[in-house]
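The values are calculated or read from the model by the stated rules, or taken from the named source; none is laboratory data. Note that the structure is a prediction, hence the values are computed from the model and not measured. Note that each Cβ is placed from the backbone with ideal geometry, even for glycine, and that neighbours are counted across all protein chains shown. Areas reflect the complete protein model, heavy atoms only, side chains present, ligands, DNA and RNA absent. Shrake-Rupley method; radii C 1.70, N 1.55, O 1.52, S 1.80 Å.
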Amino acid sequence: EPARDMETGEFFLPMRVWLKQINLPGLAMSRSLGDSVSHSIGVTAEAEVRHVTVDRTKDKFLILATDGVWEFMTSAQACDLVHQFYHKGPQEAVERLCKEAYMRWEEEGEGVADDTSAIIFFF
């Protein structure tokens, strides 16, 4: 999703990691597990860890998802979708989230779909 420079108002796409002579892998991230090509050009599997206290009076769920889910969906859109299926449980919510992500890839991904996997924890 394009981001906006708050000073100039201009939109830009996220920075991506590329090999020098070929347009691969094109990752818009700084961490990856098991990707030897990306590791050879500086991408690490070392996680950035942040501890957060869950407030069960306000926090309802946690979404962990692959980059394919986030490519054409904002965090707010994902949360709205999961919230719609909260009463049906995490299995239904995660299936709907991944299905929606895949449908967006079909519409906008030029015939290619990235991994659209997720885990949802309900509190």
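Among the conditions (1) at pLDDT 90 or above; (2) open to solvent by 90 Å² or more (accessible area, probe 1.4 Å), E10 misses just one, which is (1).
In the condition set (1) more than 24 Å from K60 (Cβ to Cβ); (2) surrounded by fewer than 18 Cβ atoms within 10 Å (Cβ to Cβ); (3) under 13 Å from the mean Cα position of the chain (by Cα), W105 is compliant with all but (2).
Being farther than 16 Å from I119 by Cβ, modelled with pLDDT of 95 or more and out of contact with any helix residue (DSSP H, G or I) (no Cβ under 6 Å at 6 or more places or on another chain) is not true of Q91.
Could you grab me the full set of residues in region 85-102 that are of a type outside the set (K, R), exposed (fewer than 14 other Cβ atoms within 10 Å of the Cβ) and either part of a helix (DSSP H, G or I) or under 16 Å from the mean Cα position of the chain (by Cα) (or both)?
Step one: filter region 85-102 for residues of a type outside the set (K, R), giving 85-87, 89-95, 97-98, 100-102.
Add one more test, that the residue is exposed (fewer than 14 other Cβ atoms within 10 Å of the Cβ), and what stays is 87, 89, 91.
Selection gives H87, Q91.
Checking I119, I63 one by one, the residue that is open to solvent by 70 Å² or more (accessible area, probe 1.4 Å), touching a helix residue (DSSP H, G or I) at 6+ places or on another chain (Cβ under 8 Å) and modelled with pLDDT of 90 or more is I119 and no other. Can you pull out the residues in region 47-60 that are open to solvent by 80 Å² or more (accessible area, probe 1.4 Å) and either in a strand (DSSP E or B) or touching a residue at least 40 places away in the same chain (Cβ under 8 Å) (or both)? Within region 47-60, R56, K60 meet the criteria.
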